[in-house]
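Peer 1: Sharing a structure, written as C-alpha cells. Questions coming.
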Amino acid sequence: MAPRRGGGSAGGYSSDSCPGAFSDLFERVYLAMVVLFLVVYIGISIAQCCVHKRSGAGKKLTGAPYMLSLALMILAYGFGLVYSVGDECGALDYQYTTTFALMIADDILYYLGNWGLLFVVFYTLNTMLRERLGLTMVFKIMPLVILGILFAIQFGFLGLHFYNNGELLYGSSGEYFLEEVDKLGLANSVLFLVAVVASGALSMMSVFAMRSRGLPGGVCCSPHASMLILSSLTAYQGLVRWVVILYVTLLIRAIIGLVSYVVSNLTWKTSIALVYITDLCLALSFVFLLCIAKHVSWSKTTTVTPGQFYTPGTQQQTTYDYNTNGQYYQYQQTSPYPHYP
C-alpha cells in the first residue's frame, strides 16, 4: 500500500462532520487509492464466486488459498480506509494506540494477501499444470521451500519494523534495528522477484511439455486423431497466453517493488504512483488467475490412444476420452471439432 502520513489531526473530531479533513493532496490521493482497490477486490470476489462454480476441474486454482488471499486483501484495504478516515477526522486516540494497531493489522493483512497470491501462482498453478504430465517432487518441494523462506523474511521484516515504530512511540531504551530492517526489506523484494521468475520458468516448462505430448512422434495420424490433437493444441495456446500475461504482470510488480525499495529520495508523488502500479498489478493477477481457472483446458483432457494412429493393414479405430469434473465418457467413431478458447 501507499506510504502513510498523518497522525497530527487527533483531537479535532466532530460527530457531525470532519471540517478540514483531506485538505492535503497526499491524503486525498491515498484515500482514492484505498477506496478504488477496495471496490476492485470486492468485485473480484464476486467474480470468483461465479467462476468457481463453473470452472470444473479448474476450480482448484480458485479454491481456499485464493479465496483466503482475496479476503485478506479486502480486509487490508478496509483497515486502510478506517485508518485514513479516522486519522483525518481525529477519531483515533491521541496516544496513537489505535492508530498503531490499525497500521499493524493493515500491513500484516496486506503482506499475507501478497504471500497467499504467490502461493496460488507458485504452488497451486504449477502443481495443476504438472499433474497432467506426472508430478515430480521438484514441482512440490521447490515452491514450498522458497515460499517458506519468503514467509519468514517478510514477517521478520514486519516484526522489526513494528518494533522500531513502537520503540519510537512508547519505548525508552532507544534501541532500534534500522539496518536489519533495511536488509530484510531488500531480501524480501529480491526473493519475491526470484519466486516469480522461478514460478514462471516451471509453468512454461509444463505448458510446453503439455503441448509436445499432444504431438505424435513419427506416426502417421488418422484425420480424426489430427482434429483431436488440433483441438488440444489450440486450447493449450490459449492457456499459454493467459499464463504469460499473468507472469508479465507479476514481474512488473516485483521489479517496481524492488526498484522503489532500492532507490532512495523518491518524492511522495513518485512513491504513490509506483504503489498504484504495483497494487494494480496485484489486482490484475487475481483476475488473470480467474481467467486461467475457467479456461477450457481444465475441463477437458484429451488422450490420444494407439488406436487413433493409422497403420497399414489394420482397421482404424478412434477413441476420445474426455475428463469433465472427474467423469469419463467414451465416444467411438465420432468427429471432434476444434474448441477455441
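Peer 1: Nearest 0.05, what FRET efficiency do S173 and K140 give at R0 = 35 Å with Cβ-Cβ as r?
Peer 2: 0.20
Peer 1: Using a Förster radius of 35 Å, what is the FRET efficiency between M205 and F162 based on their Cβ-Cβ separation? Nearest 0.05, please.
Peer 2: My answer for the efficiency is 0.35.
Peer 1: So, one more: Order by neighbour count: S206, S264, S84, fewest other Cβ atoms within 10 Å first, most last.
Peer 2: S264, S206, S84
Any read-out appearing in this document is the output of simple, stated calculations on the displayed coordinates, not a laboratory observation. None of the values given here were measured: they were computed from a predicted structure. Reconstructed Cβ throughout: ideal geometry from the backbone, glycine too, with neighbour counts over all protein chains shown.
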